[in-house]
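Take a look at the structure below.
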Amino acid sequence: MSLIVQKFGGTSVADVEKIRAAARKAIRAQRQGHRVVMVVSAMGKNTDRLLELANEVGPNPPAREMDMLLSTGEQVSVALVAMAINALGSEAVSLTGGQIGMQTDSSFSKARIRSISTERIERLLDEGKIVVAAGFQGIDNDLNITTLGRGGSDTTAVALAAVLKADACEIYTDVDGVYTTDPRLLPEARRVDVISYDEMLELASLGASVMHNRSIEFAKKFGVPIHVRSSFSDTEGTMIVTEQESATSPVSGAAMTPDEARLTILGVPDVPGMSLKIFSAIAEKKIAVDMVVQNIGDGGKADVSFTVRRDDLQTTLLTLAPVIDVIGADGVTHDDNVSKVSVVGANMADQAGVASEMFRALAGAGVNIQMITTSEIKISALVPRDQASQALRAVHEGFKLHEKPADAKSWSQIKADREAGVEVETLISRLRDDALEALTLTGISVLDHQARVTLMGVPDRPGIAADMFERIGAAGISVDMIVQGYDGVDGSTSVSFTVPQDALEASLKVAKEIAASHGMRGVQGVAEIAKVTVSGIGLRSHTHVATLLFESLASADINVDMISTSELQVNAVIDSKSADTAKRGLEKVFAGSLG
Ligand code: ADP
Ligand code: ASP
Ligand code: MG
């Protein structure tokens, strides 16, 4: 008999009528012959309301008590859903996170799942019951209630689908699928039939709140197909699977995180081990850092900039205060009036000019780019918060995301391809009973014979990045990594990019022309560098990956020149001479996580 997991988000159980509708969906599936496990979120905006209550009682509530409080939201809804099912004539049993044996670590508010015991669920299913499980919550070793992080019910659902080996995992929500960007922000967004795990993971991590990013880590690791669909209509929805919708479109979605904060540590001594001290302290607090950019300044000092979620700014500043003294940096500046706009696409890496197209779109909308980072699957730009919506619209329009790509495949075509024997590369990890959310790496590689070009004193106004990369593109030079960051010297920015070693001379020529025409401070070229890449799943959200990387490089006395991260890769640019040592060191450090 097939097993189906159905997850209902907050709006889908917001009132009694909606609870009945959810109950009817589960009963219908059961009557069609499926075993049914439901995962349910707190009703409507109840989690927000509980958070407000806590903050009214006092500032900085203890994390343990916060999770105790927030978990009650889901407990209310599972009981009501089970009652509704019983009232409609089927049998249901509600279970809390603890009762489904959802064991997590003890990081309250960001707990990771360790194991789930399926026995009780399976016994109830055997008895013909519908199991109604509380999303978002678990228990730690001491039976403390933990929560998985906002939006975490998706992760509960996909994790259950994985351990129960479900045939389907349906996510019922208030939109009828995954769109090219949040349709509430941009009505012209297009619903996609299919999106790949890699793209959805990156989009979710960069702000597409329709799915909790960690649920997609699970789905990819254990090969769970996810069907996102509306609670309120019968539209087909979107399948999140291994395959992409289009094999050619460079960009398949755009996302925005409105509430970001930038921090810059000024005057960091440019010697190995500094990044380690900075980022390990932050990672210990489980704060995810993004857009890390280091500007090599004059006199052996660097400015290190990065972004965190605005909510994490205060904790980050407190955490950094002692670190600044230890490493002998000059100080920290921050700006919490910024948003991050990103584009994501699995085909991006093979196509030149995607970055400059994004910068041109932003320039066309008069948006000033404060920071840039790129990696193989995404480009992010940090922009002033009051320009964020314009920026999102501009890139959506620029990449024509409202139009269906000519080679777009529907889910039924992809299914037909699969049946016809078209091979898809899948990664199905062994279910580890005790470490379901453990880090999974797929490889460590080195790209050698690269060079770096840096333009210093880039004026802080719209259009410069577009002009720069269009001219470099026009010279036939293909650029790999791009970073733009804050420059402590005069508040301008610095832009660095990598090119193949044999393109260094031509790149420097163009860079000098660009520098002259925009009145920049100078150009620097560094030959013989290498890019070391750690690939895997959920690398940004597993905050210790960057720490381990920095640790390993620092212990071998290797300086990190540039860094870029995505959920799929962490890249560090280092001196070519150290590449082999770096690779061996990383292989050792990550041995336990390499599949
Ligand atoms: P639920 O309570 O069902 O989990 P969420 O509010 O967490 O629902 O997620 C659904 C919301 O995600 C939508 O209402 C939409 O505004 C937002 N969203 C953000 N990005 C996207 C996207 N790319 N596609 C669809 N919805 C998106
Ligand atoms: N109720 C939780 C939240 O609002 C979990 C969820 O809905 O996924 O974040
Ligand atoms: Mg959600």
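State, as an integer percentage, the relative contact order of the chain based on alpha-carbon contacts under 8 Å between residues 6 or more apart. Don't jump to the answer; show the numbers that get you there.
On the way: 1423 pairs, mean separation 74.9, N = 595.
Relative contact order comes out at 13 percent.
For Met562, which sequence-distant residues (separation of 5 or more, or a different chain) have an amide H within less than 5 Å of its own amide H, given hydrogens modelled in the peptide plane?
HN-HN under 5 Å from Met562: Val573.
What does the helix-only formula give at 222 nm for the chain: each DSSP H stretch with n ≥ 4 adding -39500 (n - 2.57), the total divided by the residues, and the result rounded to the nearest 500 deg cm²/dmol? Each step should come with its number before you reach the end.
On the way: 16 runs with 197 residues, N = 595.
Calculated at 222 nm, the ellipticity per residue is -10500 deg cm²/dmol.
Each residue of segment 138-145 in turn: what ³J(HN,Hα) in whole Hz from Karplus with 6.51, -1.76, 1.60 and θ = phi - 60°, glycine and Pro shown as x?
Values, residue by residue: x, 9, 8, 4, 8, 6, 5, 7 Hz.
Classify segment 393-470 from the C-alpha gyration tensor, please: rounded if a/c falls under 1.5, else prolate or oblate depending on whether a/b exceeds b/c.
On the way: a/c = 2.47, a/b = 1.39, b/c = 1.77.
Taking the square roots of the gyration eigenvalues as a ≥ b ≥ c, segment 393-470 is oblate.
Going highest first, how would you order 200-212, 303-315 by mean Cβ packing within 10 Å? Each step should come with its number before you reach the end.
Working: 200-212: 25.7, 303-315: 20.6.
Ranking, from highest mean packing down: 200-212, 303-315.
I'd like to know which of Val194, Val78, Ser109 lies farthest towards the positive end of the charge dipole of the chain, counting +1 on Cβ of Lys and Arg and -1 on Cβ of Asp and Glu.
Value: Val78.
Could you derive backbone 3J(HN,Hα) for segment 445-454 from the dihedral phi with the Karplus parameters 6.51, -1.76 and 1.60 (θ = phi - 60°), listing whole Hz in sequence and x where the residue is Gly or Pro?
Each residue of segment 445-454 in turn: 9, 10, 10, 9, 6, 10, 9, 10, 10, 10 Hz.
Mind listing the long-range amide H neighbours of Lys7? Cut-off is under 5 Å, sequence gap 5 or more, other chains count too, H placed in the peptide plane at 1.01 Å from N.
Residues meeting the amide H criterion: Val39, Glu170, Ile171, Tyr172.
Rounded, prolate or oblate: which one fits segment 308-463, using the alpha carbon gyration tensor with axes a ≥ b ≥ c (rounded when a/c is under 1.5, else prolate when a/b beats b/c, else oblate)?
Working: a/c = 1.95, a/b = 1.29, b/c = 1.51.
It is oblate, given that a/c is not under 1.5 and a/b is not larger than b/c.
Tally the DSSP beta bridges in the chain and give the antiparallel ones as a percent, rounded to 5. Walk me through the numbers on the way to the answer.
On the way: 84 of 113 bridges.
So the antiparallel bridges amount to about 75 percent of the total.
Solvent-accessible area per residue for segment 174-217 at a 1.4 Å probe radius, Å²? Spell out each step's value before the answer.
Working: 1260 Å² over 44 residues.
That works out to 29 Å² for each residue.
What ranking, highest mean first, results for peptides 163-169, 392-398, 216-222 when packing means the other Cβ atoms within 10 Å averaged over each residue?
On the way: 163-169: 19.4, 392-398: 22.3, 216-222: 26.7.
Highest mean packing first, the order is 216-222, 392-398, 163-169.
Can you tell me, using C-alpha contacts under 8 Å and at least 6 residues apart, the relative contact order of segment 245-334 as a whole percent? Can you show the working numbers first?
On the way: 121 pairs, mean separation 38.1, N = 90.
Averaging sequence separation for qualifying contacts and normalising by length gives 42 percent for segment 245-334.
If you take the beta carbon distance between Asp434 and Ala474 as r and set R0 to 45 Å, what does 1/(1 + (r/R0)^6) give as a FRET efficiency, to the nearest 0.05? If you can, show how the numbers build up before the last one.
On the way: r = 55 Å, r/R0 = 1.21.
My answer for the efficiency is 0.25.
Please list the non-local residues whose amide H lies under 5 Å from the amide H of Ser410, H modeled 1.01 Å from N, same-chain partners needing a gap of 5 or more.
Long-range HN contacts for Ser410: none found.
Which percent, nearest 5, of DSSP beta bridges in segment 1-144 are antiparallel? The partial results should precede the final answer.
Numbers: 3 of 18 bridges.
Percent antiparallel among DSSP bridges in segment 1-144 is about 15.
Determine the percent antiparallel among the DSSP beta bridges restricted to segment 157-313, to the nearest 5. Could the numbers behind the result be given before it?
Values: 17 of 25 bridges.
Expressed as a percentage, antiparallel bridges in segment 157-313 total about 70.
Hydropathy at least -0.5 by Kyte-Doolittle, axial extent at least 24 angstrom from the Cα trace: which helices of the chain, defined as entire DSSP H runs, fit? Numbers along the way, then the final one.
On the way: long enough: 63-87 (37 Å, 0.74).
The answer, listed by residue number, is 63-87.
Tell me, what is the percent relative contact order of segment 267-313, built from C-alpha pairs under 8 Å that lie six or more residues apart?
On the way: 47 pairs, mean separation 18.8, N = 47.
Contact order relative to length: 40 percent.
For Tyr486, what accessible surface area do you get with a 1.4 Å probe? Give it in Å², rounded to 10.
Result for Tyr486: roughly 40 Å² accessible.
Contour minus end-to-end for Asp407 and Asp386, with contour as 0.36 nm per residue of separation and end-to-end as the Cα-Cα distance? List each step's numbers first, then the result.
Numbers: separation 21, 0.36 × 21 = 7.56 nm, distance 3.60 nm.
Extra length from Asp407 to Asp386 when fully extended: 4.0 nm.
Residue by residue through segment 329-341, which ³J(HN,Hα) values in whole Hz follow from phi under the Karplus form 6.51 cos²θ - 1.76 cosθ + 1.60 (θ = phi - 60°), with glycine and proline marked x?
So the Karplus estimates, Gly and Pro as x, are 7, 7, x, 10, 10, 8, 9, 9, 10, 10, 10, 10, 10 Hz.
The values are calculated or read from the model by the stated rules, or taken from the named source; none is laboratory data. All values reported here derive from a predicted model rather than from experimental measurement. So basically every Cβ, Gly included, is an ideal-geometry build from the backbone, and we count neighbours across all protein chains shown. Accessible surface is based on the protein model in full, side chains and every heavy atom, while ligands, DNA and RNA are left aside. Shrake-Rupley method; radii C 1.70, N 1.55, O 1.52, S 1.80 Å.
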